[in-house]
Each structure stands twice: as C-alpha cells, then as structure tokens.
1. Say whether the condition of being under 15 Å from Gln78 (Cα atoms), hydroxyl-bearing (Ser, Thr, Tyr) and surrounded by fewer than 18 Cβ atoms within 10 Å (Cβ to Cβ) is met by at least one residue in the stretch 11-34.
2. From the list Gln7, Gln101, which one is assigned to a helix (DSSP H, G or I), closer than 30 Å to His325 by Cα and at pLDDT below 75?
3. Over 17 Å from the mean Cα position of the chain (by Cα), of a type in the set (Phe, Trp, Tyr) and outside the structural domain of Arg378 (by TED's automatic domain parsing), is that true of Phe188?
4. Among the residues in the stretch 221-229, are any part of a helix (DSSP H, G or I), of a type in the set (Asp, Glu) and either at negative phi or in contact with a Ser or Thr (Cβ under 9 Å, 6 or more places away or on another chain) (or both)?
5. Filtering the stretch 42-68 down to residues that are assigned to a loop (DSSP other than H, G, I, E, B) and hydrophobic (A, V, I, L, M, F, W, C), which residue is nearest to Thr84 (Cα to Cα)?
6. Does any residue of the stretch 250-269 turn out to be among the polar types (S, T, N, Q), over 21 Å from Glu140 (Cα atoms) and at pLDDT 95 or above?
7. Out of the stretch 269-285, which residues are surrounded by 17 or more Cβ atoms within 10 Å (Cβ to Cβ) and either outside the structural domain of Ile207 (by TED's automatic domain parsing) or free of Cβ contacts under 8 Å to residues at least 12 places away in the same chain (or both)?
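The values are calculated or read from the model by the stated rules, or taken from the named source; none is laboratory data. These figures come from a predicted structure and were not determined experimentally. Note: ideal-geometry Cβ built from the backbone for every residue, glycine included; neighbour counts use all protein chains shown.
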Amino acid sequence: MADKNPQIGHRERLRKRFVSNPESFSDSELLQLILTYAIPRRDVAPLAENLFVRFGDITGVFSASYQELCNVDGIGEQAAILLTAIARLSFSELNKEPPVQEQMRPHIIKQAKLFEVEPALGPIFDEPKAPQMRTFTNDEIENSLHFLPKANDFNSLDDYREYLEENLPYNSFTTRKRRTNNILNRFFSDGNIHSPLVYYSSQVSNIEDSKQALFYELLRAEPIASKAAEEFVWPASPVGYVDREGMGDFISKYLPELKISSKKKVVSAIFKTYDLLSVGNSEGNQLRIQIHKGTLESFLYVFSTEYPKPGVYSFDTLFKGPIRHWLLWDKEWIRQQLYNLQDFGIIAKVSEIDTVRQFTTHFDQMTTLRTYFEHPQRGSLSIRERAL
C-alpha cells in the first residue's frame, strides 16, 4: 500500500541525512528540519521559504519575535514557540562569552597602532544595546538607487510593496518578493513611507548625492557593514586600502559561525557597497580608499540624520562620527559645509573661538531638508560650496 503521507518519507530522509552529515545542510534545509518537530503531516519546505521571504535569511528568522513569526502564513503557535525557544537558548549561550566589543579590542588596538590612528573603541560599559548582528549579502544597491525616489509617489507602504513586487527586475515572483522585503526592512523599518530619505531621494537629481546618502543609510541598517567601516576600513585610511582576506578575518570576529561561502558573500557585498556608491574603489582583491570630499546635498542629508533635533553640538561629534569614519569625508571640507548650511539658515551659528568649536542647529530633520530644497538661493554661485 502506498504511503498515505509522502512527507513522512521525506522527513525521515531529512533527519537521517542530518545525523550522517549535518555540514551538508543549507540554511533552508536546516529550517525545514526544525519545523518538522512542530508541524506534523505537512510539507514544511514552503513554510521555510515563507520565513525566508519575510525575514531575509536564517539570522533574521531567529531574530524575529514570537508575534512576528505567528504573522507568517502557515506558522502557528507551536512552530513560533519552537523557533523563539531555540533562538533564546542560542543567545543565552552566546552571552556567556565576553562581549563582542571586548573580543575585538586587541584586534582594533593592533590595527590602529599599525596605521597610527586613534582606535575607535568607545566606552566598555553602559553602552546602548547594539542592533542584532546579521549577515549582509543582498545589497540591492542598483535597485535601491532606482526605486527609492519612486516611493514618494505612494501613499502607503503596502502600495509601494506591491509596486516593488511587480517591478523589481527578477523573473521569479518569489525572488521579487524576497528582495522587496530586503529593501523595505532596510530603509523602511519604522513602516513610514513618507520618510526623510524618500523626500531627499525625490529632490536630488545628481546621482552622487543619492549614492552617498544611500551608503550612509545602508550602513545604519546593516550592523556588520557599519562595524567594518568604523573599525576596519577607517583605521586603514592612511594606508589607502584593505584586502578581502583581512575583511574576511574581521567578519569572522563578529560572525564566527558563518560558513566560508557565506563569509565570502558578506565581504563581496561590503566591497560592492563601497564601490557602487563611490566611497571606495574595488580592484580585484583590494578595496582602495582615500579621504575625499562629498557633495553639499549628501552632507545635508547625513548631517540632518545625525542631528535630527535643534541643539548645540561640538565639532568633535562630526569628526569622530559616521560623517567622517564611514563616508571618509575630508575634515576641512566637513567644516566648510557647516558654513554653507549657515548661509541657508539651517545652522543658526558656527563658533570657532579658542578651544570652543561648536555649531547650533535650528530645526528637526524634515524641516531642515525642506528649508534647503525650497530655498530660493539653492544653486546660486554665491554659496561657498560653488566657489570651492
């Protein structure tokens, strides 16, 4: 008699293969195996695919909350509990090890001494909780540059999602759906379609203005990429390059369980991000970097994101933050942009008296952006930026 449930045979083969050769399992197969223990008599392959579509990768699945998992089609209470329990157990074990920053301190200090720059360590204690570290492989740079400005034409994130799922340049709907989630989770994590990034992207016409703002936002959304920028690429700026092997070793410090093939994909995604967004130049095994000037508009966007509320701030916060350490912008050029923004009325005052160097901002981020893009003198040759 034929087996009434063909999935039983598949499950048994899956389990036997895992026992004999667990290293041969892909992330999808591993997730399928786990789901068999919570979901009886049902094909779990489509359910695993649904989870990947929703959360991007295996790390995203195990970072999801119980409620988020329950909202995925086909994932019920038992499966959601099992996945969150496994994640909780894994994170508990990881927390028995020294904090990641402590593990990295000898590496950071050694590299900083090599390049004769100040190590970017920050305080050891009382730090805000960092975003969950995850793999970064699907950069979606070209699509983000093309499709982000179009978000300004939609009234809701659901409408924009549907548009992306129909128009991203992939043949498979499943792929379009998965890549749509990558873009939305990265740039619309708060669920707001009318974000400062969307407004900014719809206003600029120069591709370089879009590229550098996108680079900054991508690093904000991808912790492993921002760690690499801050602690590996920036200290190497005096030398002018980093290589793939060194980047791979750095990635392994933060993601030690990553398979070699996955680590190579992360390294390639980071190199590609620098290259396509004009912050570095990927040449074979090396990523060449140099301190450079940006554009006034890209500075405006990053500046308004770093300082989204009116207040008084020191120059040091500029020179020791993402504006310099991520984007590799020239220090004197950054200083000049403060005076440019003062000309537009965005910065109320710039003070450079003896050892006191600070600036005072007027507005919140959206008001800052609108003030600039609606300013009657925008593009005027009287602005300092045009005279440089």
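1. In the first step, residues of the stretch 11-34 are kept if they are under 15 Å from Gln78 (Cα atoms); the result is 31-34.
Pick out the ones that are also hydroxyl-bearing (Ser, Thr, Tyr) and you get none.
No; the residues of the stretch 11-34 include none that is under 15 Å from Gln78 (Cα atoms), hydroxyl-bearing (Ser, Thr, Tyr) and surrounded by fewer than 18 Cβ atoms within 10 Å (Cβ to Cβ).
2. Details: Gln7 fails: closer than 30 Å to His325 by Cα.
Only one candidate qualifies: Gln101.
3. Details: over 17 Å from the mean Cα position of the chain (by Cα): no; of a type in the set (Phe, Trp, Tyr): yes; outside the structural domain of Arg378 (by TED's automatic domain parsing): yes.
In short, no.
4. Filtering the stretch 221-229 for residues part of a helix (DSSP H, G or I) gives 221, 223-229.
The next check asks that each one be of a type in the set (Asp, Glu); those that pass are none.
So far as the stretch 221-229 goes, no, none of its residues is part of a helix (DSSP H, G or I), of a type in the set (Asp, Glu) and either at negative phi or in contact with a Ser or Thr (Cβ under 9 Å, 6 or more places away or on another chain) (or both).
5. Among those residues, the one meeting the criterion is Ala64.
6. So the first thing to find is which residues in the stretch 250-269 are among the polar types (S, T, N, Q), and the list is 252, 261-262, 268.
Adding the requirement that they be over 21 Å from Glu140 (Cα atoms) leaves 252.
Okay, now just the ones that are also at pLDDT 95 or above, so none.
No, because not a single residue in the stretch 250-269 is among the polar types (S, T, N, Q), over 21 Å from Glu140 (Cα atoms) and at pLDDT 95 or above.
7. Ser282
Residue by residue, here is whether (1) within 23 Å of Phe215 (Cβ to Cβ); (2) crowded, with 18+ Cβ neighbours inside 10 Å; (3) touching a Pro at 6+ places or on another chain (Cβ under 6 Å); (4) small (Gly, Ala, Ser) holds:
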site	(1), (2), (3), (4)
Val312	no, no, no, no
Asp316	yes, no, no, no
Leu328	yes, yes, no, no
Leu338	yes, yes, no, no
Gly345	no, no, no, yes
Ile353	no, no, no, no
Thr360	no, no, no, no
